[in-house]
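Peer 1: One structure, as C-alpha coordinates, below. Some questions next.
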Amino acid sequence: MKVLFVAAEAFPFAKTGGLADVIGSLPAALRKMGIDARVIMPGYGQILPEYRKKMMRLHKVTVTLGWRYQYCELKMLEHQGVPFYFVENEYYFQRNGLYGFADDAERFAFFCRAVLHSLPGLDFAPRILHCHDWHTGLVSVFLRTHYSTDPFYREILTLFTVHNLLYQGNFSREILKDLLELDDAYFTEFGLEFYGQVSYLKGGLVFSDYLTTVSPTYALEIQTPRCGHGLEGVLQQRSRQLSGIVNGIDCGEYNPATDPHIFVKYRSALSKKKQNKLLLQEQLGLAIEGETPLFAFINRLVQQKGLDLIVQALEELLALGIQMVFLGTGEESYTRFLKEMAERFPKQLSVNTFFDEPLARKIYAGADFFLTPSLFEPCGIGQLIALRYGAIPLVRETGGFKDTVSSYNEMSGIGNGFTFANYNAYDMINAVKKALAVYRDKKAWEAMVAGALREDHGWAGPARQYLDLYKQLAGQQGV
(Lines give C-alpha, C1' and ligand atoms only; values in the text may rest on other atoms or scores of the structure.)
Protein backbone atom coordinates (compact mmCIF):
# COMPACT_ATOMS: atom_id res chain seq x y z
CA MET A 1 0.00 0.00 0.00
CA LYS A 2 1.45 3.35 -1.08
CA VAL A 3 0.08 6.48 0.62
CA LEU A 4 1.19 10.05 -0.04
CA PHE A 5 0.35 12.58 2.68
CA VAL A 6 -0.41 16.01 1.23
CA ALA A 7 -0.18 18.80 3.80
CA ALA A 8 0.77 22.44 4.22
CA GLU A 9 3.10 21.82 7.15
CA ALA A 10 5.07 19.08 8.87
CA PHE A 11 7.39 19.02 11.86
CA PRO A 12 10.33 19.69 11.88
CA PHE A 13 10.27 21.61 8.59
CA ALA A 14 7.39 24.06 9.15
CA LYS A 15 4.91 24.29 12.00
CA THR A 16 2.08 26.55 13.18
CA GLY A 17 0.06 23.97 15.15
CA GLY A 18 -0.91 20.38 15.77
CA LEU A 19 -1.27 19.57 12.06
CA ALA A 20 2.51 19.68 11.71
CA ASP A 21 2.97 17.24 14.60
CA VAL A 22 0.57 14.76 12.99
CA ILE A 23 2.26 14.91 9.58
CA GLY A 24 5.66 14.71 11.24
CA SER A 25 4.91 11.49 13.12
CA LEU A 26 1.96 9.49 11.71
CA PRO A 27 3.72 8.47 8.44
CA ALA A 28 6.63 7.01 10.42
CA ALA A 29 4.21 4.93 12.50
CA LEU A 30 2.51 3.69 9.33
CA ARG A 31 5.82 2.67 7.77
CA LYS A 32 6.46 0.43 10.78
CA MET A 33 3.24 -1.38 9.81
CA GLY A 34 4.30 -1.98 6.23
CA ILE A 35 2.68 1.06 4.58
CA ASP A 36 4.90 2.97 2.16
CA ALA A 37 3.86 6.35 3.57
CA ARG A 38 5.48 9.54 2.27
CA VAL A 39 4.81 13.28 2.57
CA ILE A 40 4.62 16.19 0.11
CA MET A 41 4.48 19.80 1.30
CA PRO A 42 5.47 23.31 0.18
CA GLY A 43 9.18 24.11 0.21
CA TYR A 44 8.94 27.16 2.47
CA GLY A 45 11.84 29.56 2.75
CA GLN A 46 11.82 29.19 6.53
CA ILE A 47 12.92 25.54 6.37
CA LEU A 48 16.20 25.41 8.25
CA PRO A 49 19.47 25.29 6.24
CA GLU A 50 20.44 22.05 7.97
CA TYR A 51 17.55 20.36 6.16
CA ARG A 52 17.81 22.30 2.90
CA LYS A 53 21.39 21.25 2.30
CA LYS A 54 20.34 17.59 2.49
CA MET A 55 17.60 17.92 -0.12
CA MET A 56 18.00 16.19 -3.46
CA ARG A 57 16.62 17.75 -6.65
CA LEU A 58 14.24 15.43 -8.48
CA HIS A 59 12.66 17.26 -11.41
CA LYS A 60 11.17 20.49 -12.70
CA VAL A 61 7.69 21.01 -14.13
CA THR A 62 5.56 23.92 -15.33
CA VAL A 63 2.24 24.29 -13.55
CA THR A 64 -0.68 26.10 -15.17
CA LEU A 65 -3.21 28.16 -13.21
CA GLY A 66 -5.56 29.72 -15.72
CA TRP A 67 -3.39 32.03 -17.80
CA ARG A 68 -0.41 31.61 -15.43
CA TYR A 69 2.56 29.36 -16.12
CA GLN A 70 4.49 28.79 -12.93
CA TYR A 71 7.86 27.15 -12.40
CA CYS A 72 7.96 24.25 -9.95
CA GLU A 73 10.94 22.23 -8.73
CA LEU A 74 10.49 19.12 -6.66
CA LYS A 75 13.06 18.21 -4.00
CA MET A 76 13.28 15.30 -1.59
CA LEU A 77 14.98 14.26 1.61
CA GLU A 78 14.50 11.34 3.96
CA HIS A 79 13.87 12.25 7.60
CA GLN A 80 13.70 9.56 10.27
CA GLY A 81 12.99 6.95 7.61
CA VAL A 82 10.17 8.90 5.88
CA PRO A 83 10.64 10.39 2.38
CA PHE A 84 9.52 14.04 2.26
CA TYR A 85 8.92 15.83 -1.04
CA PHE A 86 9.01 19.63 -1.26
CA VAL A 87 7.22 21.73 -3.88
CA GLU A 88 9.55 24.65 -4.55
CA ASN A 89 8.49 28.02 -5.98
CA GLU A 90 10.17 31.19 -4.73
CA TYR A 91 7.29 33.51 -5.63
CA TYR A 92 4.74 31.59 -3.57
CA PHE A 93 6.74 30.10 -0.69
CA GLN A 94 9.87 32.19 -0.03
CA ARG A 95 8.04 34.34 2.52
CA ASN A 96 8.09 35.09 6.22
CA GLY A 97 5.26 32.84 7.38
CA LEU A 98 3.08 30.07 6.04
CA TYR A 99 -0.41 31.56 5.76
CA GLY A 100 -2.33 34.81 5.97
CA PHE A 101 -1.27 36.34 2.66
CA ALA A 102 -3.63 38.12 0.25
CA ASP A 103 -2.89 35.56 -2.48
CA ASP A 104 -3.34 32.40 -0.39
CA ALA A 105 -6.01 31.24 -2.83
CA GLU A 106 -3.45 31.27 -5.62
CA ARG A 107 -0.61 29.86 -3.50
CA PHE A 108 -2.49 26.75 -2.43
CA ALA A 109 -4.24 26.24 -5.75
CA PHE A 110 -0.71 26.13 -7.18
CA PHE A 111 0.40 23.69 -4.50
CA CYS A 112 -2.50 21.29 -5.14
CA ARG A 113 -2.00 21.45 -8.90
CA ALA A 114 1.77 21.00 -8.50
CA VAL A 115 1.29 17.89 -6.34
CA LEU A 116 -0.77 16.17 -9.01
CA HIS A 117 1.42 17.41 -11.85
CA SER A 118 4.55 16.04 -10.15
CA LEU A 119 3.31 12.51 -9.47
CA PRO A 120 4.30 10.91 -12.83
CA GLY A 121 7.90 12.03 -12.27
CA LEU A 122 8.26 10.29 -8.92
CA ASP A 123 9.65 6.81 -8.28
CA PHE A 124 6.50 6.27 -6.27
CA ALA A 125 2.93 5.84 -7.54
CA PRO A 126 0.54 6.42 -4.61
CA ARG A 127 -2.66 4.41 -4.34
CA ILE A 128 -4.11 6.93 -1.86
CA LEU A 129 -3.56 10.66 -1.51
CA HIS A 130 -4.18 11.47 2.15
CA CYS A 131 -4.93 15.21 2.16
CA HIS A 132 -5.15 17.45 5.22
CA ASP A 133 -7.20 20.62 5.83
CA TRP A 134 -8.33 23.35 3.44
CA HIS A 135 -4.91 23.97 1.90
CA THR A 136 -5.18 20.60 0.13
CA GLY A 137 -8.93 20.50 -0.57
CA LEU A 138 -8.40 21.20 -4.28
CA VAL A 139 -6.36 18.03 -4.78
CA SER A 140 -9.56 15.97 -4.88
CA VAL A 141 -11.32 18.61 -7.00
CA PHE A 142 -8.56 18.72 -9.62
CA LEU A 143 -8.21 14.94 -9.60
CA ARG A 144 -11.91 14.56 -10.47
CA THR A 145 -11.86 17.31 -13.11
CA HIS A 146 -8.61 18.19 -14.89
CA TYR A 147 -7.00 14.76 -14.47
CA SER A 148 -10.04 12.49 -14.76
CA THR A 149 -9.28 11.23 -18.27
CA ASP A 150 -5.58 10.49 -17.73
CA PRO A 151 -5.03 6.72 -17.14
CA PHE A 152 -2.17 7.45 -14.70
CA TYR A 153 -4.56 9.10 -12.22
CA ARG A 154 -7.61 6.90 -12.73
CA GLU A 155 -6.97 4.49 -9.84
CA ILE A 156 -5.82 7.08 -7.28
CA LEU A 157 -8.11 7.45 -4.24
CA THR A 158 -8.39 10.43 -1.91
CA LEU A 159 -8.83 10.57 1.85
CA PHE A 160 -9.44 14.04 3.28
CA THR A 161 -8.81 14.74 6.98
CA VAL A 162 -10.23 17.80 8.72
CA HIS A 163 -8.13 18.96 11.64
CA ASN A 164 -10.22 22.06 12.39
CA LEU A 165 -13.42 22.86 10.49
CA LEU A 166 -13.23 26.52 11.54
CA TYR A 167 -10.49 27.17 8.97
CA GLN A 168 -12.11 26.79 5.55
CA GLY A 169 -10.12 28.60 2.86
CA ASN A 170 -12.99 30.66 1.47
CA PHE A 171 -12.22 32.99 -1.44
CA SER A 172 -13.87 35.20 -4.03
CA ARG A 173 -16.05 33.60 -6.72
CA GLU A 174 -13.79 35.10 -9.41
CA ILE A 175 -11.07 32.52 -8.78
CA LEU A 176 -13.31 29.70 -10.06
CA LYS A 177 -12.46 30.38 -13.70
CA ASP A 178 -9.39 32.56 -13.29
CA LEU A 179 -7.39 30.20 -11.05
CA LEU A 180 -9.15 26.86 -10.98
CA GLU A 181 -10.21 26.72 -14.63
CA LEU A 182 -13.68 25.48 -13.69
CA ASP A 183 -17.01 26.69 -15.02
CA ASP A 184 -20.14 27.73 -13.15
CA ALA A 185 -21.41 24.14 -13.03
CA TYR A 186 -19.07 23.71 -10.03
CA PHE A 187 -20.35 26.82 -8.25
CA THR A 188 -23.40 25.20 -6.65
CA GLU A 189 -24.42 23.87 -3.25
CA PHE A 190 -23.28 20.45 -4.48
CA GLY A 191 -19.88 21.82 -5.52
CA LEU A 192 -17.52 24.53 -4.30
CA GLU A 193 -20.03 27.29 -3.55
CA PHE A 194 -20.25 28.35 0.10
CA TYR A 195 -22.27 31.46 0.92
CA GLY A 196 -21.27 33.14 -2.34
CA GLN A 197 -17.61 32.19 -2.13
CA VAL A 198 -15.40 29.34 -3.33
CA SER A 199 -14.48 27.07 -0.40
CA TYR A 200 -11.37 24.91 -0.68
CA LEU A 201 -12.40 22.98 2.42
CA LYS A 202 -15.81 22.21 0.98
CA GLY A 203 -14.08 21.02 -2.19
CA GLY A 204 -12.22 18.43 -0.13
CA LEU A 205 -15.39 17.41 1.69
CA VAL A 206 -17.46 17.00 -1.49
CA PHE A 207 -14.96 15.50 -3.95
CA SER A 208 -12.84 13.17 -1.77
CA ASP A 209 -13.55 9.43 -1.61
CA TYR A 210 -13.60 9.32 2.19
CA LEU A 211 -13.44 11.81 5.06
CA THR A 212 -11.94 11.64 8.53
CA THR A 213 -11.48 14.03 11.38
CA VAL A 214 -9.34 13.86 14.46
CA SER A 215 -11.68 12.34 17.05
CA PRO A 216 -14.92 10.32 17.03
CA THR A 217 -16.78 12.92 19.09
CA TYR A 218 -15.72 15.76 16.78
CA ALA A 219 -16.92 13.69 13.80
CA LEU A 220 -20.40 13.80 15.36
CA GLU A 221 -20.19 17.42 16.53
CA ILE A 222 -19.34 18.83 13.10
CA GLN A 223 -22.61 17.42 11.76
CA THR A 224 -24.50 19.87 14.03
CA PRO A 225 -25.03 23.64 13.69
CA ARG A 226 -23.06 24.24 16.90
CA CYS A 227 -19.77 22.94 15.47
CA GLY A 228 -20.48 22.61 11.74
CA HIS A 229 -19.58 26.23 10.87
CA GLY A 230 -22.12 26.18 8.05
CA LEU A 231 -20.93 22.86 6.60
CA GLU A 232 -23.02 20.54 8.79
CA GLY A 233 -25.39 19.78 5.89
CA VAL A 234 -22.54 18.64 3.64
CA LEU A 235 -21.16 16.47 6.43
CA GLN A 236 -24.54 14.96 7.20
CA GLN A 237 -24.87 13.96 3.53
CA ARG A 238 -21.46 12.28 3.73
CA SER A 239 -21.90 10.75 7.18
CA ARG A 240 -21.47 7.20 5.82
CA GLN A 241 -18.05 8.18 4.49
CA LEU A 242 -16.98 10.04 7.63
CA SER A 243 -15.24 8.77 10.75
CA GLY A 244 -13.04 10.09 13.54
CA ILE A 245 -9.61 8.83 14.60
CA VAL A 246 -7.92 10.39 17.63
CA ASN A 247 -4.43 11.75 17.09
CA GLY A 248 -1.44 10.31 18.87
CA ILE A 249 1.85 11.84 19.96
CA ASP A 250 5.46 10.90 19.35
CA CYS A 251 6.31 9.20 22.64
CA GLY A 252 10.01 9.27 21.79
CA GLU A 253 9.96 13.02 21.33
CA TYR A 254 7.76 13.63 24.37
CA ASN A 255 9.43 11.56 27.07
CA PRO A 256 10.24 12.97 30.54
CA ALA A 257 12.84 10.24 31.00
CA THR A 258 14.94 11.54 28.09
CA ASP A 259 13.70 15.09 27.38
CA PRO A 260 16.77 17.37 27.16
CA HIS A 261 14.65 20.50 27.74
CA ILE A 262 13.37 19.78 31.25
CA PHE A 263 15.25 20.52 34.48
CA VAL A 264 15.29 16.99 35.93
CA LYS A 265 14.54 13.83 33.93
CA TYR A 266 12.14 11.34 35.49
CA ARG A 267 10.15 8.19 34.77
CA SER A 268 7.82 7.59 37.68
CA ALA A 269 9.55 9.31 40.61
CA LEU A 270 7.16 12.07 41.66
CA SER A 271 9.90 13.62 43.80
CA LYS A 272 11.81 14.42 40.61
CA LYS A 273 8.70 15.87 39.00
CA LYS A 274 8.39 18.11 42.06
CA GLN A 275 11.97 19.28 41.51
CA ASN A 276 10.94 20.41 38.04
CA LYS A 277 8.09 22.37 39.60
CA LEU A 278 10.34 24.18 42.08
CA LEU A 279 12.88 25.08 39.41
CA LEU A 280 10.11 26.27 37.08
CA GLN A 281 8.67 28.48 39.82
CA GLU A 282 12.12 29.95 40.35
CA GLN A 283 12.70 30.60 36.64
CA LEU A 284 9.31 32.28 36.17
CA GLY A 285 9.48 34.38 39.32
CA LEU A 286 6.61 32.63 41.06
CA ALA A 287 6.58 31.86 44.78
CA ILE A 288 8.71 28.75 45.27
CA GLU A 289 6.19 26.60 47.06
CA GLY A 290 6.15 22.90 46.29
CA GLU A 291 2.72 22.28 47.80
CA THR A 292 0.95 25.05 45.88
CA PRO A 293 -0.98 23.53 42.94
CA LEU A 294 0.35 24.79 39.61
CA PHE A 295 -1.97 25.03 36.58
CA ALA A 296 -0.59 25.33 33.04
CA PHE A 297 -2.21 26.80 29.93
CA ILE A 298 -0.05 26.04 26.87
CA ASN A 299 -2.05 27.03 23.82
CA ARG A 300 -3.18 29.82 21.55
CA LEU A 301 -4.79 32.67 23.47
CA VAL A 302 -8.02 32.66 21.45
CA GLN A 303 -11.72 32.22 22.14
CA GLN A 304 -11.74 28.61 20.91
CA LYS A 305 -9.45 27.60 23.77
CA GLY A 306 -11.83 28.94 26.43
CA LEU A 307 -10.20 32.29 27.14
CA ASP A 308 -13.59 33.90 27.76
CA LEU A 309 -14.11 31.58 30.73
CA ILE A 310 -10.61 32.21 32.03
CA VAL A 311 -11.10 35.99 31.83
CA GLN A 312 -14.32 35.69 33.83
CA ALA A 313 -12.91 33.34 36.47
CA LEU A 314 -9.21 34.10 36.81
CA GLU A 315 -9.35 36.25 39.93
CA GLU A 316 -11.63 33.74 41.66
CA LEU A 317 -9.32 30.88 40.65
CA LEU A 318 -6.27 32.64 42.06
CA ALA A 319 -8.21 33.22 45.28
CA LEU A 320 -8.27 29.44 45.69
CA GLY A 321 -4.53 29.58 46.38
CA ILE A 322 -3.26 28.23 43.08
CA GLN A 323 -0.55 29.34 40.67
CA MET A 324 -1.02 29.59 36.88
CA VAL A 325 1.38 29.70 33.95
CA PHE A 326 0.31 30.83 30.48
CA LEU A 327 2.39 30.20 27.36
CA GLY A 328 1.19 31.11 23.89
CA THR A 329 0.39 33.84 21.40
CA GLY A 330 -3.06 35.09 20.51
CA GLU A 331 -5.59 37.89 20.51
CA GLU A 332 -4.49 41.23 21.90
CA SER A 333 -7.46 41.66 24.24
CA TYR A 334 -6.63 38.40 26.04
CA THR A 335 -2.89 39.02 26.24
CA ARG A 336 -3.46 42.53 27.62
CA PHE A 337 -5.82 41.24 30.31
CA LEU A 338 -3.48 38.44 31.36
CA LYS A 339 -0.47 40.74 31.56
CA GLU A 340 -2.42 43.19 33.74
CA MET A 341 -3.41 40.33 36.03
CA ALA A 342 0.21 39.14 36.21
CA GLU A 343 1.25 42.60 37.42
CA ARG A 344 -1.35 42.33 40.20
CA PHE A 345 -0.44 38.76 41.17
CA PRO A 346 3.26 38.36 40.27
CA LYS A 347 3.90 35.44 42.65
CA GLN A 348 0.86 33.48 41.45
CA LEU A 349 0.63 34.21 37.74
CA SER A 350 3.22 33.97 34.94
CA VAL A 351 2.14 35.12 31.47
CA ASN A 352 4.41 34.40 28.52
CA THR A 353 2.89 35.72 25.29
CA PHE A 354 5.21 33.92 22.89
CA PHE A 355 5.90 30.30 22.13
CA ASP A 356 9.06 28.54 23.16
CA GLU A 357 9.29 24.75 22.88
CA PRO A 358 11.93 24.21 25.61
CA LEU A 359 9.87 26.33 28.01
CA ALA A 360 6.73 24.41 27.05
CA ARG A 361 8.44 21.16 28.02
CA LYS A 362 9.56 22.64 31.35
CA ILE A 363 5.98 23.71 32.05
CA TYR A 364 4.55 20.27 31.21
CA ALA A 365 7.13 18.69 33.52
CA GLY A 366 6.59 21.15 36.36
CA ALA A 367 2.81 21.62 36.26
CA ASP A 368 0.32 19.70 38.36
CA PHE A 369 -2.63 20.45 36.07
CA PHE A 370 -3.13 21.21 32.37
CA LEU A 371 -6.09 23.59 31.92
CA THR A 372 -7.90 24.06 28.59
CA PRO A 373 -11.64 24.87 28.87
CA SER A 374 -12.21 24.87 25.10
CA LEU A 375 -15.36 26.07 23.39
CA PHE A 376 -14.68 23.27 20.90
CA GLU A 377 -11.67 21.01 20.42
CA PRO A 378 -11.28 18.78 17.35
CA CYS A 379 -8.71 16.56 19.07
CA GLY A 380 -6.17 18.36 21.17
CA ILE A 381 -2.60 17.18 21.58
CA GLY A 382 -1.70 19.22 24.65
CA GLN A 383 -3.70 16.99 27.00
CA LEU A 384 -1.89 13.91 25.64
CA ILE A 385 1.51 15.53 26.16
CA ALA A 386 0.44 16.64 29.63
CA LEU A 387 -0.51 13.08 30.60
CA ARG A 388 2.84 11.89 29.29
CA TYR A 389 4.53 14.28 31.76
CA GLY A 390 2.15 13.59 34.66
CA ALA A 391 0.24 16.89 34.45
CA ILE A 392 -3.44 16.11 34.97
CA PRO A 393 -5.81 17.58 32.34
CA LEU A 394 -8.75 19.76 33.38
CA VAL A 395 -10.82 20.26 30.24
CA ARG A 396 -14.33 20.75 28.92
CA GLU A 397 -16.13 17.69 27.55
CA THR A 398 -15.94 18.42 23.84
CA GLY A 399 -14.36 16.81 20.78
CA GLY A 400 -11.13 14.97 21.39
CA PHE A 401 -11.08 15.97 25.05
CA LYS A 402 -14.19 13.86 25.58
CA ASP A 403 -12.50 10.91 23.85
CA THR A 404 -9.20 11.08 25.75
CA VAL A 405 -9.91 12.50 29.23
CA SER A 406 -12.13 10.59 31.65
CA SER A 407 -13.39 12.42 34.72
CA TYR A 408 -11.95 11.20 38.00
CA ASN A 409 -14.30 9.22 40.24
CA GLU A 410 -13.51 9.63 43.94
CA MET A 411 -15.18 6.35 44.90
CA SER A 412 -13.42 4.09 42.40
CA GLY A 413 -10.23 6.09 41.90
CA ILE A 414 -10.70 5.71 38.14
CA GLY A 415 -10.17 8.61 35.75
CA ASN A 416 -7.22 10.46 34.24
CA GLY A 417 -8.48 14.04 34.54
CA PHE A 418 -11.22 16.46 35.53
CA THR A 419 -13.95 17.62 33.18
CA PHE A 420 -17.04 19.78 32.96
CA ALA A 421 -19.77 19.82 30.32
CA ASN A 422 -21.36 23.27 30.04
CA TYR A 423 -19.44 26.21 28.64
CA ASN A 424 -19.60 28.53 31.62
CA ALA A 425 -17.18 29.81 34.24
CA TYR A 426 -19.23 28.48 37.15
CA ASP A 427 -18.85 24.85 36.04
CA MET A 428 -15.16 25.34 35.30
CA ILE A 429 -14.54 26.72 38.81
CA ASN A 430 -16.39 23.77 40.35
CA ALA A 431 -14.21 21.37 38.35
CA VAL A 432 -11.11 23.16 39.65
CA LYS A 433 -12.38 22.85 43.23
CA LYS A 434 -12.97 19.12 42.73
CA ALA A 435 -9.45 18.76 41.32
CA LEU A 436 -7.95 20.61 44.29
CA ALA A 437 -9.74 18.30 46.71
CA VAL A 438 -8.07 15.30 45.09
CA TYR A 439 -4.74 17.14 44.99
CA ARG A 440 -4.87 17.56 48.77
CA ASP A 441 -5.45 13.82 49.22
CA LYS A 442 -1.82 12.84 48.81
CA LYS A 443 -2.44 9.12 48.33
CA ALA A 444 -5.17 9.60 45.73
CA TRP A 445 -3.17 12.29 43.94
CA GLU A 446 0.02 10.26 43.69
CA ALA A 447 -1.95 7.30 42.34
CA MET A 448 -3.59 9.53 39.74
CA VAL A 449 -0.30 11.02 38.53
CA ALA A 450 1.35 7.60 38.46
CA GLY A 451 -1.53 6.31 36.33
CA ALA A 452 -1.17 9.22 33.91
CA LEU A 453 2.54 8.50 33.49
CA ARG A 454 1.73 4.89 32.54
CA GLU A 455 -0.77 5.78 29.81
CA ASP A 456 0.15 5.19 26.17
CA HIS A 457 -1.05 7.81 23.71
CA GLY A 458 1.45 6.95 20.99
CA TRP A 459 0.70 6.55 17.30
CA ALA A 460 0.49 2.74 17.19
CA GLY A 461 -3.26 2.61 17.88
CA PRO A 462 -4.32 5.46 15.55
CA ALA A 463 -1.95 4.22 12.83
CA ARG A 464 -3.61 0.80 12.97
CA GLN A 465 -7.01 2.46 12.47
CA TYR A 466 -5.69 4.39 9.45
CA LEU A 467 -4.18 1.20 8.05
CA ASP A 468 -7.55 -0.56 8.32
CA LEU A 469 -9.24 2.43 6.68
CA TYR A 470 -6.78 2.47 3.77
CA LYS A 471 -7.39 -1.23 3.19
CA GLN A 472 -11.14 -0.77 3.39
CA LEU A 473 -11.03 2.18 1.00
CA ALA A 474 -8.91 0.34 -1.55
CA GLY A 475 -10.98 -2.81 -1.13
CA GLN A 476 -14.18 -0.96 -1.93
CA GLN A 477 -12.65 -0.10 -5.27
CA GLY A 478 -12.11 -3.78 -6.08
CA VAL A 479 -8.39 -3.82 -5.40
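Peer 1: Does region 372-381 contain at least one residue that is modelled with pLDDT of 95 or more and among the β-branched types (Val, Ile, Thr)?
Peer 2: yes
Peer 1: Further, regarding this structure: Mind listing whichever residues of region 191-208 are crowded, with 21+ Cβ neighbours inside 10 Å, more than 20 Å from the chain's Cα centre (by Cα) and of a type in the set (Ser, Thr, Tyr)?
Peer 2: Matches in region 191-208: 199, 208.
Peer 1: Continuing with the same structure: Which of the numbered conditions does residue 26 fail, given that it passes all the others? Conditions: (1) outside any loop (DSSP other than H, G, I, E, B); (2) closer than 21 Å to residue 138 by Cβ; (3) in contact (Cβ under 8 Å) with a residue 24 or more places away in the chain.
Peer 2: Failing condition for residue 26: (2).
Peer 1: Considering only residues of region 91-135 that are of a type in the set (D, E, K, R) and modelled with pLDDT under 95, which is nearest to the chain's Cα centre (by Cα)?
Peer 2: 95
Peer 1: Let me ask something else. So which residues in region 239-284 are of a type in the set (S, T, N, Q) and free of Cβ contacts under 8 Å to residues at least 24 places away in the same chain?
Peer 2: Passing the criteria: 239, 258, 271, 275.
Peer 1: To continue, here is another question. Is region 410-433 home to any residue that is out of contact with any Cys (no Cβ under 6 Å at 6 or more places or on another chain), touching a residue at least 60 places away in the same chain (Cβ under 8 Å) and farther than 22 Å from residue 314 by Cβ?
Peer 2: No, region 410-433 contains no residue that is out of contact with any Cys (no Cβ under 6 Å at 6 or more places or on another chain), touching a residue at least 60 places away in the same chain (Cβ under 8 Å) and farther than 22 Å from residue 314 by Cβ.
Peer 1: Residues to consider are 73, 78, 50; find the one that is more than 18 Å from the chain's Cα centre (by Cα), assigned to a strand (DSSP E or B) and over 29 Å from residue 182 (Cβ atoms).
Peer 2: Every option except 78 fails the conditions.
Peer 1: From the list 110, 101, which residue is of a type outside the set (Gly, Ala, Ser) and either touching a residue at least 40 places away in the same chain (Cβ under 8 Å) or buried (at least 17 other Cβ atoms within 10 Å of the Cβ) (or both)?
Peer 2: 110
Peer 1: I want to confirm something. Restricting to region 153-170 and keeping residues that are modelled with pLDDT of 95 or more and more than 23 Å from the chain's Cα centre (by Cα), which single residue is farthest from residue 8 (Cα to Cα)?
Peer 2: Once the filter is applied, the top-ranked residue is 153.
Peer 1: Additional query: How many residues, within region 179-204, are part of a helix (DSSP H, G or I) and in contact with a Phe, Trp or Tyr (Cβ under 8 Å, 6 or more places away or on another chain)?
Peer 2: 4
Peer 1: Checking the conditions here, which among 305, 265, 274 is surrounded by 14 or more Cβ atoms within 10 Å (Cβ to Cβ), modelled with pLDDT of 95 or more, closer than 18 Å to residue 384 by Cα and among the basic types (Lys, Arg)?
Peer 2: Of 305, 265, 274, the one residue that is surrounded by 14 or more Cβ atoms within 10 Å (Cβ to Cβ), modelled with pLDDT of 95 or more, closer than 18 Å to residue 384 by Cα and among the basic types (Lys, Arg) is 305.
Peer 1: Out of all the residues in region 123-173, which are free of Cβ contacts under 8 Å to residues at least 24 places away in the same chain and assigned to a helix (DSSP H, G or I)?
Peer 2: Just the residues of region 123-173 that are free of Cβ contacts under 8 Å to residues at least 24 places away in the same chain, to begin with: 123, 148-151, 154.
The answer is 151, and nothing else.
Peer 1: Collect the residues in region 31-59 that are among the basic types (Lys, Arg), under 28 Å from residue 466 (Cβ atoms) and surrounded by 14 or more Cβ atoms within 10 Å (Cβ to Cβ), keeping them in residue-number order.
Peer 2: 31, 38
Peer 1: Further question: Looking only at region 332-352, filter to residues that are touching a residue at least 60 places away in the same chain (Cβ under 8 Å) and assigned to a loop (DSSP other than H, G, I, E, B); which one of those is nearest to the chain's Cα centre (by Cα)?
Peer 2: Among residues in region 332-352 that are touching a residue at least 60 places away in the same chain (Cβ under 8 Å) and assigned to a loop (DSSP other than H, G, I, E, B), the one nearest to the chain's Cα centre (by Cα) is 348.
Peer 1: Shifting gears a bit: Condition first: surrounded by 13 or more Cβ atoms within 10 Å (Cβ to Cβ), over 22 Å from residue 137 (Cα atoms) and modelled with pLDDT under 95. Now tell me which residues in region 60-90 satisfy that.
Peer 2: 80
Peer 1: Tell me yes or no: at least one residue of region 308-331 is among the β-branched types (Val, Ile, Thr), closer than 29 Å to residue 451 by Cα and in a helix (DSSP H, G or I).
Peer 2: Yes, region 308-331 contains a residue that is among the β-branched types (Val, Ile, Thr), closer than 29 Å to residue 451 by Cα and in a helix (DSSP H, G or I).
Peer 1: Next up: For region 174-183, which residues satisfy the criterion of being charged (D, E, K, R) and either farther than 22 Å from residue 208 by Cβ or in contact (Cβ under 8 Å) with a residue 12 or more places away in the chain (or both)?
Peer 2: First, pick out the residues of region 174-183 that are charged (D, E, K, R): 174, 177-178, 181, 183.
Within region 174-183, 174, 177, 178, 181 meet the criteria.
Peer 1: Considering region 360-370 alone, what residues qualify as being touching a strand residue (DSSP E or B) at 6+ places or on another chain (Cβ under 6 Å) and either free of Cβ contacts under 8 Å to residues at least 12 places away in the same chain or not β-branched (Val, Ile, Thr) (or both)?
Peer 2: 360, 367, 368, 369, 370
Peer 1: Let me ask you something else. Taking residue 401 as meeting all but one of (1) assigned to a loop (DSSP other than H, G, I, E, B); (2) touching a helix residue (DSSP H, G or I) at 6+ places or on another chain (Cβ under 7 Å); (3) within 18 Å of residue 455 (Cβ to Cβ), write down the number of the exception.
Peer 2: (1) is the only condition that residue 401 fails.
Peer 1: Counting only residues that are more than 18 Å from residue 421 (Cβ to Cβ), hydroxyl-bearing (Ser, Thr, Tyr) and not in a loop (DSSP other than H, G, I, E, B), how many does region 353-393 have?
Peer 2: 1
Peer 1: If you don't mind, another one. Under the condition of being farther than 22 Å from residue 195 by Cα and assigned to a helix (DSSP H, G or I), which residue from region 209-239 is farthest from the chain's Cα centre (by Cα)?
Peer 2: Top of the filtered list is 220.
Peer 1: Checking residue 21 against (1) farther than 17 Å from residue 128 by Cα; (2) in contact with a Ser or Thr (Cβ under 8 Å, 6 or more places away or on another chain), which test does it fail?
Peer 2: (2)
The values are calculated or read from the model by the stated rules, or taken from the named source; none is laboratory data. Bear in mind that the values here come from a model prediction, so they are computed numbers and not experimental data. A quick note on method: Cβ atoms are made from the backbone with ideal geometry, for glycine too, and the neighbour counts reach across all protein chains shown.
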